[in-house]
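Reviewing the structure listed below.
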Amino acid sequence: MSELNIETVSRTTAMLFSGRLDAPGVARLWDTAVKTVKKTGRGKIRIDLESVDYMDMAGATFISHLSRLAGSTPAEQSNVVTGVKKEFAPLLDLSQKSKNEALSPPPKVSYIEKTGKDLTTSLEDAKMFITMVGEITAALFSCLKNPGRVRWADTWMVAERSGVNALPIVILISFIVGLVMAFQAAIPMRMFGAEIYVANLIGIAMVRELGPLMTAIVLAGRSASAFAAEIGTMKINEEIDALTVMGMEPIRFLIVPRVIAATLITPLLTVFSNLVGILGGMVVILSFGYPPISYYNQVVGFVSWEDLAGGLVKCFVFGLLIAATGCIRGYQTLRGPSAVGDATTRAVVSSIILIAVFDGIFSVIYFYLGI
Amino acid sequence: MSKTIINVRHLCAGYNHNAIMEDLNFDIQSGEVFVILGGSGCGKSTVLKHMIGLVPPVSGQVFIHGEDITNARGKARKRLLAGIGVAFQNGALFGSMTVLENIMLPLMEFTDLPREAIEAIARVKLDLVDMGHALYLLPDELSGGMKKRAAIARAMALDPAILFLDEPSAGLDPLTSAELDRLILELAGALNITFVIVTHELESILTISDRVIMLGKKEKGIIAQGDPRKLKADPSNPYVYKFFNRNP
Ligand SMILES: Nc1ncnc2c1ncn2[C@@H]1O[C@H](COP(=O)(O)OP(=O)(O)OP(=O)(O)O)[C@@H](O)[C@H]1O
Ligand SMILES: [Mg+2]
């Protein structure tokens with residue numbers, strides 16, 4: 001245990017420390033000691049360490065802090081401390097040598113400055129996004145002209161990881177969406193005896209809208225984030241710089257395989273999603289006592305090939321958007337501990353927004369085309 | 001002075017039951033600077049990680065202050081860990097905190113010191129490794145050598161009795177590295193801190209270390225041990241002789 005006795009003899013205050021000056025000991029005495037020194041003022045303090053049994057760096061820092069408060073010049077400061085045992089002298093030297101000057105923390109930026117900075121960053125960000133879209137498009141075309149330059153092994157691996165492995169979740173979600181939608185629609189339609197037309201509703205809704213949309217959203221959550229994290233981590237580890245200096249364009253090397261794979265697998269996944277969603281609706285209709293063949297006839301008679309094609313064309317675009325957004329956000333990763341996390345968040349958010357916007361654009365186009 | 005503080009007994013070090021080192025036995029005395037040597041990838045960091053209880057051994061024990069750290073759980077483990085400081089090979093600073101906050105963190109967690117005191121102690125530690133000018137930078141804004149020095153300061157934050165340093169001087173310029181050597185000697189002398197250091201810096205080994213062990217990858221064990229100055233002069237083991245004399 002540490003102790004501090006304070007004695008005032010003829011205008012000099014003696015602070016007699018004893019016991020163990022380690023972290024717990026210092027914690028006990030810090031406030032009292034600092035207050036005493038500040039109250040007494042410079043030139044009238046003596047710090048006595050004669051009865052200190054143990055001292056570590058915490059203790060030494062404590063003593064030098066006090067001596068710095070008690071004396072203005074280094075000479076004065078070292079005169080303040082007396083009775084230092086031989087074994088503690090080097091420690092005190094170490095801590096006294098440290099300048100410990102008040103290096104003030106960096107100033108806080110004002111709100112207006114911060115807003116302005118945020119605005120410029122988002123503008124720059126948008127500019128970079130557009131540039132990257134252009135570069136990716138150019139790289140894609142050059143690869144299509146010269147398919148040998150595409151890294152097909154990587155492309156297959158990405159197709160497996162973000163396509164085949166996504167199949168269970170796509171199936172699950174589509175089945176539930178089909179089932180729930182059919183159930184909700186069947187209740188009011190039954191009042192008019194029209195529940196068999198639920199088949200038409202499910203068929204058209206799945207094939208034109210929900211199949212592509214559900215698949216795209218699952219992919220945005222699963223793959224856009226994964227692409228952003230993979231590429232973002234490579235950026236942080238300077239792997240992208242390494243690729244660049246070895247003369248391999250990162251876009252062709254990393255982004256093109258992902259974009260090709262995602263663009264090709266999205267329509268495939270959508271076909272499954274359509275089918276399973278329609279099956280989900282069928283479960284409801286069967287439970288109303290209709291035979292499967294009438295559900296089938298209703299769907300096939302109503303949903304046209306144009307509906308299916310329209311849905312699948314959308315999917316190519318969604319796949320492209322998801323992969324490109326994920327890769328670009330990853331590529332834009334800055335430095336810092338939360339950079340990869342930010343990049344993945346931005347990848348998911350941006351790709352979902354883009355999916356919604358492009359879905360709207362497609363609706364308008366299809367309306368004018370009469371599809 | 002010559003009290004043993006760490007005993008390694010029949011330690012088989014490795015990952016997932018694959019031994020990289022087999023049947024290691026050595027003791028470390030209190031206050032000594034003990035260096036672990038060996039070729040790149042031979043398992044030095046692995047042995048170090050076993051000695052701080054981070055990786056469970058394939059078999060064997062490591063005693064710190066007579067207590068087995070490999071089997072310590074809960075409070076006992078926490079108490080053992082509070083008495084050691086570790087600076088990892090790649091720094092392992094917390095990226096979301098400034099350098100100063102990184103050093104202050106263990107002090108805030110484990111002591112009742114007032115904030116002012118903690119900051120003063122953290123600044124002294126950072127000044128010791130000559131990082132007093134970079135208090136408010138994030139680890140991300142540091143060079144490799146600066147990260148290393150900040151990590152050493154963090155390892156020293158709680159004044160541990162034993163400091164484990166994994167390649168402290170790799171990536172430092174010769175002057176800073178010599179500074180660090182001086183600091184290690186000073187701390188070992190002034191505070192009786194025991195150092196367990198993994199390093200390749202021959203110069204620094206010859207300056208600071210009291211005793212070395214050299215690990216062999218093929219032998220899966222200790223191929224030489226003792227005073228480095230004697231090992232350098234002794235040509236009886238050709239590999240060790242070449243290692244110390246930089247003669248391939
Ligand atoms: N987490 C791990 N799991 C399995 N094996 C590992 C792991 N970490 C390292 N190894 C293997 O253990 C061996 C020794 O690695 P270690 O990091 O201990 O080497 P080192 O002697 O510290 O080398 P260096 O001087 O390059 O730091 C290596 O062959 C490595 O492949
Ligand atoms: Mg290592």
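The values are calculated or read from the model by the stated rules, or taken from the named source; none is laboratory data. Remember, predicted model here, so these are calculated numbers, not experimental data. Note that each Cβ is placed from the backbone with ideal geometry, even for glycine, and that neighbours are counted across all protein chains shown. SASA here: full protein model, heavy atoms, side chains in, ligands and nucleic acids out. Shrake-Rupley method; radii C 1.70, N 1.55, O 1.52, S 1.80 Å.
Net charge near B:Y241: determine it from the other residues with C-beta under 14 Å of the C-beta of B:Y241, scoring Lys and Arg +1 and Asp and Glu -1.
Result for the neighbourhood of B:Y241: +4.
Please report, in debye to the nearest 20, how large the charge dipole of segment A:3-97 is about its Cα centre when each Lys and Arg carries +1 at its beta carbon and each Asp and Glu carries -1 there.
460 debye
Per residue of chain A, what 222 nm ellipticity follows from adding -39500 (n - 2.57) for every DSSP H run with n ≥ 4, rounded to the nearest 500?
-23000 deg cm²/dmol
Would you mind giving the average projected area, over all directions, of the Cα convex hull of segment B:188-248 in nm² with one decimal?
Averaged projected hull area, Cα only: 4.6 nm².
Roll a 1.4 Å probe over the protein chains and send me the accessible area per residue for the protein assembly as shown in Å².
Per-residue accessible area for the protein assembly as shown comes out at 49 Å².
In nm, give the distance between the simple-model label positions of A:T12 and B:E109, each being 7 Å from the Cα along the Cα-to-Cβ direction.
Here the answer is 4.5 nm between the modelled labels.
Which FRET efficiency, nearest 0.05, do A:I371 and A:T345 yield, Cβ-Cβ r, R0 45 Å?
0.80
When you take every Cα atom in segment A:121-369, what is the radius of gyration, and what is Dmax, the widest Cα pair distance, in Å?
Just the Cα atoms of segment A:121-369 yield Rg and Dmax of 20.6, 70 Å.
State, in square angstrom and to the nearest 100, the accessible area buried between chains A and B, both chains counted, probe radius 1.4 Å.
2200 Å²
Got a sec? Which residues of segment A:44-62 lose 50 Å² or more of accessible surface with every protein chain in place, vs. that chain alone, 1.4 Å probe?
A:M57, A:T61
Positive end of the dipole of the protein assembly as shown, charges at C-beta (+1 Lys, Arg; -1 Asp, Glu), about the Cα centre: which of B:P57, A:I361, A:A138 has its Cα farthest in that direction?
B:P57
When the accessible area of segment A:3-97 is computed with all protein chains present and a 1.4 Å probe, what percentage of it is carbon and sulfur?
Ligands and nucleic acids excluded, carbon and sulfur give 51 percent.
Positive end of the dipole of segment A:3-97, charges at C-beta (+1 Lys, Arg; -1 Asp, Glu), about the Cα centre: which of A:G19, A:V81, A:V34 has its Cα farthest in that direction?
A:V34
If the cut-off is 16 Å between C-alpha atoms, which aspartates and glutamates fall inside it for B:K218, apart from same-chain ones fewer than 8 positions away?
Those aspartates and glutamates meeting the cut-off are B:E22, B:D23.
To the nearest whole number, what is the average tally of beta carbon atoms from other chains within 10 Å of the beta carbons of peptide B:188-196?
Partner-chain Cβ atoms within 10 Å, mean over residues of B:188-196: 3.
Under the rule of -39500 (n - 2.57) per DSSP H run of 4 or more residues, summed and divided by the residues of chain B, what mean residue ellipticity at 222 nm is obtained, to the nearest 500 deg cm²/dmol?
Rounded to the nearest 500, it is -11500 deg cm²/dmol.
Show me the chymotrypsin sites (Phe, Trp or Tyr not before Pro) within segment A:253-306 that DSSP assigns to loop and that have at most 13 other Cβ atoms within 10 Å of their Cβ.
Answer in residue order: A:F288.
Among DSSP beta bridges whose residues both lie in chain A, state the antiparallel percentage, nearest 5.
Roughly 45 percent of the beta bridges in chain A run antiparallel, per DSSP.
Could you give the size of the charge dipole of chain A about its Cα centre, using +1 on the Cβ of each K and R and -1 on the Cβ of each D and E, expressed in debye and rounded to the nearest 20?
With only Lys, Arg, Asp and Glu charged at Cβ, the dipole is about 760 debye.
Using all alpha carbons of segment A:3-97, what is the percent of pairwise distances in each 5 Å bin, ordered from the shortest bin to the longest?
All Cα pairs considered, the percentages come to 3, 14, 29, 29, 19, 6, 1.
Using a Cα-Cα cut-off of under 30 Å, which lysines could be cross-linked to A:K145, ignoring same-chain neighbours fewer than 8 residues away?
A:K127, A:K235, A:K314
Could you give me the ³J(HN,Hα) list for segment A:247-257, computed from phi with Karplus coefficients 6.51, -1.76, 1.60 and θ = phi - 60°, whole Hz, x at Gly and Pro?
x, 9, 5, x, 5, 5, 6, 10, 8, 4, x
Across bins of 10 angstrom width beginning at 0, how are the C-alpha pair distances of segment B:1-86 distributed, in whole percent?
So the P(r) values, bin by bin, are 18, 52, 29, 2.
How large, in percent, is the carbon and sulfur part of the accessible surface of segment A:121-369 at a probe radius of 1.4 Å?
74 percent
Taking the dipole about the Cα centre of segment A:121-369, with the C-beta of Lys and Arg at +1 and of Asp and Glu at -1, give me whichever of A:I231, A:L269, A:A216 is farthest to the positive side.
A:L269
Between segment A:163-203 and segment B:155-172, what is the C-alpha centre distance in whole Å?
Measuring centre to centre over Cα atoms gives 63 Å.
With θ set to phi - 60°, apply the Karplus curve 6.51 cos²θ - 1.76 cosθ + 1.60 along segment A:298-312 and write out the HN-Hα couplings as whole Hz, x wherever there is a Gly or Pro.
Karplus-based 3J(HN,Hα) across segment A:298-312 equals 4, 5, 5, x, 9, 7, 9, 5, 5, 4, 4, 4, x, x, 6 Hz.
For segment B:210-219, just list the computed ³J(HN,Hα) in residue order, Karplus coefficients 6.51, -1.76 and 1.60, θ = phi - 60°, integers in Hz, with x standing in for Gly and Pro.
My calculation for segment B:210-219 gives 7, 8, 10, 10, 10, 9, x, 6, 5, 6 Hz in order.
Give the average, rounded to an integer, of partner chain Cβ atoms located within 10 angstrom of each Cβ in A:27-34.
3
Using only the Cα atoms of segment A:181-322, what are the Rg and Dmax in Å?
Gyration radius and largest Cα-Cα distance of segment A:181-322: 20.8, 70 Å.
Please work out how much length the chain gains when fully extended from B:L54 to B:F94, using 0.36 nm per residue of separation minus the C-alpha to C-alpha distance, in nm with one decimal.
Gain on stretching B:L54 to B:F94: 12.6 nm.
Which cross-chain or sequence-distant (5 or more) residues have an amide H under 5 Å from the amide H of B:V86, H modelled 1.01 Å from N in plane?
Residues meeting the criterion, in which the H sits 1.01 Å from N, are B:F164.
Which residues, if any, in segment B:122-163 have at least 30 Å² less accessible area in the whole protein complex than in the isolated chain, probe 1.4 Å?
B:R123, B:V124, B:D127, B:L128, B:Y136, B:D140, B:D159
How large is the direction-averaged shadow of the alpha-carbon convex hull of chain B, in nm²?
Here the figure is 13.7 nm², rounded to one decimal.
Report, by chain and number, residues whose modeled amide H sits under 5 Å from the one on B:G221, excluding near sequence neighbours (fewer than 5 apart, same chain).
B:E22, B:G216
Among the listed pairs B:K78/B:K125; A:K39/A:K108; B:K49/B:K75; A:K86/B:K3; B:K75/B:K220; B:K49/B:K230, give every one whose C-alpha distance is greater than 25 Å.
Pairs exceeding 25 Å: A:K39/A:K108; B:K75/B:K220; B:K49/B:K230.
Can you list, largest first and rounded to whole Å, the semi-axes you get for the protein assembly as shown by taking the square root of 5 times each eigenvalue of its Cα gyration tensor?
One finds semi-axes of 65, 32, 24 Å for the protein assembly as shown.
Would you mind checking segment A:31-60 for residues with the amide N under 14 Å from a putative spin-label position 7 Å along Cα→C-beta of A:T73?
So the set is A:43.
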